[in-house]
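Chemist: One structure coming up, written as structure tokens, with questions to follow.
The values are calculated or read from the model by the stated rules, or taken from the named source; none is laboratory data. Source: prediction; values computed, not measured. Ideal geometry is used to build each Cβ from the backbone, glycine not excepted, and the neighbour counts take in all protein chains shown. Surface areas here come from the heavy atoms of the whole protein model, side chains and all, with no ligands, DNA or RNA. Shrake-Rupley method; radii C 1.70, N 1.55, O 1.52, S 1.80 Å.
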Amino acid sequence: MTEFRLKDEFIKLGQLLKATGLVYSGVDAKMVIQDGEVKVDGEVETRRGRKIYEGMLVEFDGEQVKVIK
């Protein structure tokens, strides 16, 4: 599991995937999110702009990212 430290109150899901290197570009993030390949706290998330806050867990492609402050 990887940890991602927030610089602000939240980060959008698409930005988090790019910032952690799970996807290469915003277009890639959009595609995998729309295709239902990303989970937030165990639930499939299809909104690229979903706000991710401290304590949330994002899963994609067998990787987990815990968001910390």
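Chemist: Provide the net charge surrounding residue 19, with neighbours chosen by a C-beta distance below 11 Å and charges set as Lys +1, Arg +1, Asp -1, Glu -1.
Modeler: The answer is +4.
Chemist: Taking H placed 1.01 Å from N in the peptide plane, check which residues at least 5 places from residue 38 or on another chain put their amide H under 5 Å from its amide H.
Modeler: Here 45 satisfy the definition.
Chemist: How many Å² of accessible area per residue for the chain, probe 1.4 Å? Walk me through the intermediate numbers first.
Modeler: Details: 4430 Å² over 69 residues.
Each residue of the chain exposes 64 Å² on average to a 1.4 Å probe.
Chemist: Hand me the tally of lysine pairs in the chain: alpha carbons under 19 angstrom apart, and the pair either on different chains or 8 or more positions apart.
Modeler: Count of close lysine pairs: 20.
Chemist: Of the accessible area of segment 16-69, with the probe set at 1.4 angstrom, what percent is carbon plus sulfur?
Modeler: 44 percent
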